[in-house]
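So the structure is just underneath, and the comments pick up after that.
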Amino acid sequence: MRVPYEYAIIQAVPRIERGELINVGVVLYSQRLDFLAARTDLRDDRLLAVDPGADVAAIRAALSSWDATCTGAGAAAGISQGERFRWLVAPRSTILRAGPVHMGLAADPSEELDRLVKLLVS
């Protein structure tokens, strides 16, 4: 049985004033299956093509905070998965941001997340 889910592409915008970005991951939330996860695939060569001076290590560290938020670690402790997802996809002007939220149907959200990362990021 397929159930609804929501997802957003995680984007790196190393120089916000230029508005150039690359897709670096996907965050997926399925309320019905109690699932929230982010998968990332930061390609250094793509990032450096957009901004040769980008701090790759700092961006990787920031990406790890998306995983921590999904699992409820740190500042996300004590809030529901739905609240964590909304926190992650809220509009912001930072180096990492989420694109628009989309919906879909899937039987296995983890497999769907892998498929979306392969299709939209890798």
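Points worth noting:
- Pair-distance profile P(r), taking every C-alpha pair of the stretch 30-82, with 5 angstrom steps and integer %: 4, 18, 21, 18, 13, 11, 10, 5, 0
- Net charge, S30 excluded, C-beta distance under 10 Å - Lys, Arg +1, Asp, Glu -1: -3
- Prolate/oblate/rounded call for the stretch 74-122, Cα gyration tensor, a/c under 1.5 rounded: oblate
- Residue separation of A107 and Q31 scaled by 0.36 nm, minus their Cα-Cα distance, works out to 26.1 nm of gained length.
- Ordering of 14-27, 67-80 by burial proxy (mean other Cβ atoms within 10 Å per residue, highest first): 14-27, 67-80
- Counted charge near V13, where neighbours are those whose Cβ lies closer than 14 Å (Asp, Glu -1; Lys, Arg +1): +1
- Computed from Cα positions, the angle between helix 109-120 and the longest principal axis of the chain comes to roughly 30 degrees.
- Extent along the principal axes, Cα only, for the stretch 3-120: 42, 31, 20 Å, with the longest axis given first.
- Cα-centre dipole for the chain with unit charges at Cβ (Lys and Arg positive, Asp and Glu negative), debye to 20: 200
- Local electrostatic count at W66 - Lys and Arg +1, Asp and Glu -1, tallied over other residues with Cβ under 12 Å: +3
Read the figures in this text as sums done on the coordinates, not as results from a lab. Model, not experiment: these values are computed from the prediction. Note that each Cβ is placed from the backbone with ideal geometry, even for glycine, and that neighbours are counted across all protein chains shown.
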